[in-house]
1. Pick from V12, V30, V74: which is most flexible by mean-square fluctuation in a GNM of the chain where alpha carbon atoms under 10 Å apart are linked?
2. Below 11 angstrom from the Cβ of R73, what's the summed charge of the other residues (Lys, Arg +1; Asp, Glu -1)?
3. Just in the stretch 10-61: which trypsin sites (Lys or Arg not before Pro) are loop by DSSP and have at most 14 other Cβ atoms within 10 Å?
4. Counting only protein heavy atoms, what percent of the accessible surface of the stretch 12-66 is carbon or sulfur at a 1.4 Å probe?
5. At 0.36 nm per residue, minus the direct Cα-Cα distance, what do S110 and A90 gain on full extension? Give it in nm, one decimal, please.
6. Tally Lys and Arg at +1 and Asp and Glu at -1 over the other residues with C-beta under 15 Å from the C-beta of G86: what net charge comes out?
7. For Cα pairs less than 8 Å apart in space and 6+ apart in sequence, what is the mean separation divided by the residue count of the chain, i.e. the relative contact order in percent?
8. Hey, what number do you get for the chain at 222 nm if only DSSP H runs of n ≥ 4 count, each worth -39500 (n - 2.57), divided across all residues, to the nearest 500?
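The values are calculated or read from the model by the stated rules, or taken from the named source; none is laboratory data. These numbers come from a predicted model, not from an experiment. Here the Cβ positions follow ideal geometry from the backbone for every residue, glycine too, while neighbour counts run over all protein chains shown. Ligands, DNA and RNA are excluded from the accessible area calculation, which covers all protein heavy atoms including side chains. Shrake-Rupley method; radii C 1.70, N 1.55, O 1.52, S 1.80 Å.
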Amino acid sequence: RDYADRAASGDVALGVSSPEFARMITSSPVLAARGREMMDQRERALGDAIAAETGRDDIQQRIVAAQLASVHRVLAGEAAARSLAGQPRAQIWSELAAQASRAFDRLEPSIGGYGVR
């Protein structure tokens, strides 16, 4: 829900940028690799947070983190593609918010209760 709320409020940290900035990032192997590395770090941090919250550190918390992080990764790619296409930022944020809600709604029946005490 946090992602959808942030998208609805126009949070620039979600990767919505000018076409020029998106082109610079996507055309630079170094910057693109750093972006993937940051996504990997976010996924590991989420897995660590889930492990701390549940008191378990096993493969399942890493799988749950990967499922959640995959939504962020796909939506970041979508934000970049739409930015490159020159779509207005407000339109991109609106679409990201809607797609995030749909994606997380689909995940909730499977992992919504994971780690609930």
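1. Of the options given, V30 has the highest mean-square fluctuation.
2. -1
3. Hits after loop and neighbour filter: R56.
4. Ligands and nucleic acids excluded, carbon and sulfur reach 62 percent.
5. Difference between extended and current length: 4.1 nm.
6. Summing Lys and Arg as +1 and Asp and Glu as -1 gives 0.
7. Relative CO of the chain lands at 44 percent.
8. Computed ellipticity for the chain at 222 nm equals -26500 deg cm²/dmol.
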